[in-house]
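J.: I have a structure I would like to understand better, so I am pasting it below and will then ask my questions one at a time.
Every read-out reported here was derived from the displayed coordinates using simple, explicitly stated rules and does not represent laboratory data. Small disclaimer: the values here were computed from a predicted structure and weren't measured. A quick note on method: Cβ atoms are made from the backbone with ideal geometry, for glycine too, and the neighbour counts reach across all protein chains shown.
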Amino acid sequence: MSAPPLEHRPSADLPGRGDDARLRRDLGFWSLTGVAFGGMIGSGWLFGAYYAAKGAGPAALFSWPLAGGALILVGMVLVQLGATRPRAGGMVRWPMQAGGPLVGAVISWGVLLAVASALAAESSAIVQYAERYIPGLYADDRLTTKGTLAAVGLLGALVLLNWFGVALFARVNMLVTVVKTAVPLLTIVALFLSGFHTGNIEAGGGWAPYGWSAMLSVVATAGIIYAMNGFGAAVELSGEARNPRRDLPRAVIMSISLVVVLYMLLQLVFLLTVPEGRLGGGWHGVDFASPYGELALTLNLGWLATVIYADAVVSPAGAVSVFVASGARETYAAARNGVLPASIGVVHGRSGVPRRAMLGNFFLSVLFLLPFGGWQDIIAVVGVLSLLSYSACAVAAGTFYVSDGDSAEWTLPGLRWIAPAGFVVSTELIHWAGWDHLSIALPMAASGMLIFVVRRRSRSGLTRELALGMWLLGYMAMLFLVSWAGSFGGEELLAAPFDSLVAAAAALAVYHWGVRSGVGHQSRLKGRQAGEEESGPAAEPVP
C-alpha cells in the first residue's frame, strides 16, 4: 500500500487536523453540478453579452466557446486535484503543498481578494438593476451611498443563509438555480419570437468591427471569464463531497458545457434583437444601464422586463450565495496556509462551517464596494486574480504528477500535457485582460509577498522559502512586462500576435521552472519524513 502524499506540516499557530474533520461530506453529483452551474449564472447573464458586444461586436459570439474550452482544460487540472486530494479551499492549499509557503501566501492573498471583489460585484449588479424600482441606488455609473448600504445589507443576508451548514445551502442553491436558469431561457425564446434584425451585423461594421483581437480581450474585460468562473466553487467544496473522484469531473464538465450553450444563445439574441437605431454608429455606441430589461421594454415586452428585473435580484443573489460558501473555504484555507491569523481558520463544530472566514470575507467585500463604482469596474480584476490561482494549481498538478511517481492514483489521462497546456491557456487569458487591468490586479496579488515576509520574518529559513517561490514572482513580473509592451492596451512594442506568442513561450518556461522547484521541495519533504520515521513518530500532516 502506497504512502499518502506528503504535505506541509502545520506551524504552531495553525488550527488542528480536527477542523477539516468537522466539514461534512453532504454533497453528491447533482449538488456539485448545481453549485458549479449556479455559480456561473449570476450577474454575468445580465451584463456579459452587452459588454462583450460593446467591446467586440458580433465577434463576441465566438468569445464564449473560446472561454469555455479554455476553462474546461483548466478545470480538468483542478478536478484532478480535487478528486485525488479533496480539500476545502483546495485552490489555495494545493499551491502551498506543492510549491511552498511563499507560493501559498501569494496565491492565498490573491484568491482572498478575488472572493471579496466577486461578492462586491454581484451585490452591486443587484443594486444596479434595482434602481428601476428604488430610485437613488445608482447614479453617474456608480453606486450611491444609499446603493452601497443596500448592497451591504444584501451581502449580510446571504452570509446568514450559509451560516447554518452546507446541506441547507445546497438545497436552497439547487432551488434558486432552477429558478434563475428558467429566466434566461425565457428571455432567449421571447426575444427571438419578437423578431430579429439580421442587418445588425452589417450595420455595426461586420463580424469583427474592432478586429479579432477584441474577441480575445473581451473574454476578460467584458466579464466572460468572470461569468464562467463560478465552476470553481464545486472544486473548492470537494472536501465536502461524498465521492469527489466520481462526481466532481462530471459535474464540472457538464456545468461548463451547459453554460457555454446558454451564454452563446444569450449573446446571439442580444446581437440580433437590438434595434438598429440603438447602435449609435457601431456597437461601441450601444448604451443600456440594465441591458436585457431595457431591451425588453424597447421591444414592448413589458411582462418580460418585469420578470428580468425580478431575476436581476435572484440570479446574482444565488451566485453570491455560492461565492459566500466557496469563498469561506478559500479564506479558511488561507488561514491554514498561515497567511491569516489562526483564529480565522476554525470550523464551527455544530454547523461544520468556517464562520469566522465567512465573516472576514464579508467585511473585506464591503471595503471593495467603496472605491469601485459598479459591476464592470470590478469584474476584470476578479478574473485576473482567479486565473493566477488556476495557473498555480496547474504547476501544483505537474509537481504532484512527477513527485508522486508510481504511488499516484491519477484518474485523468494525459495530465502530463494537460497541466502545462492549462498553465499556458491561463497565461493567455490573463494577458488578454489588457494592461489597464493587469497594472492593477498584479500588484494587488504581489502584495501577498509582503504579508508573507512580515509574518515569517522572525523564523529561520526565510531565504530558502523565498528562493523556492521565486518562479511565481518571476511569472507575475513576466506578465507585467509583456502586458506593458504588448498590444492589449500596452505600448505596442510587441505587436499582435507576437505578444501572445511571447507570453505563451515564457509561460511554458516558467511552468517547468515551477515544477522543478516544486519537485525538489517534495523530495526534501520526503527526506525529512523518512528521517523522522527513523527517529520517532512524525508530526501529523496538515489534512
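J.: Short version: ³J(HN,Hα) in whole Hz for each residue of the stretch 501-516, in order, from phi by Karplus 6.51 cos²θ - 1.76 cosθ + 1.60 (θ = phi - 60°), x for Gly and Pro, what are they?
T.: 5, 5, 4, 5, 5, 5, 5, 5, 5, 5, 4, 5, 4, x, 5, 4
J.: Working out 0.36 nm times the residue gap between VAL402 and VAL453, then minus their Cα-Cα distance, what length gain in nm do you get to one decimal? Write out the running numbers ahead of the final one.
T.: Values: separation 51, 0.36 × 51 = 18.36 nm, distance 2.91 nm.
Computed gain between VAL402 and VAL453 is 15.4 nm.
J.: Give me SER391, SER343, SER194, SER43 ranked fewest to most by other Cβ atoms within 10 Å of their Cβ, as a rough exposure proxy.
T.: In increasing order of surrounding Cβ atoms, one gets SER343, SER194, SER43, SER391.
J.: Starting from the Cα of ILE134, step 7 Å along the direction of its Cβ; do the same at ARG278; then give the gap between the two resulting points in nm.
T.: 2.5
J.: I need the phi-derived Karplus couplings for the stretch 472-478: 6.51 cos²θ - 1.76 cosθ + 1.60, θ = phi - 60°, integer Hz, Gly and Pro marked x.
T.: The phi angles translate into 5, 5, x, 4, 5, 5, 4 Hz.
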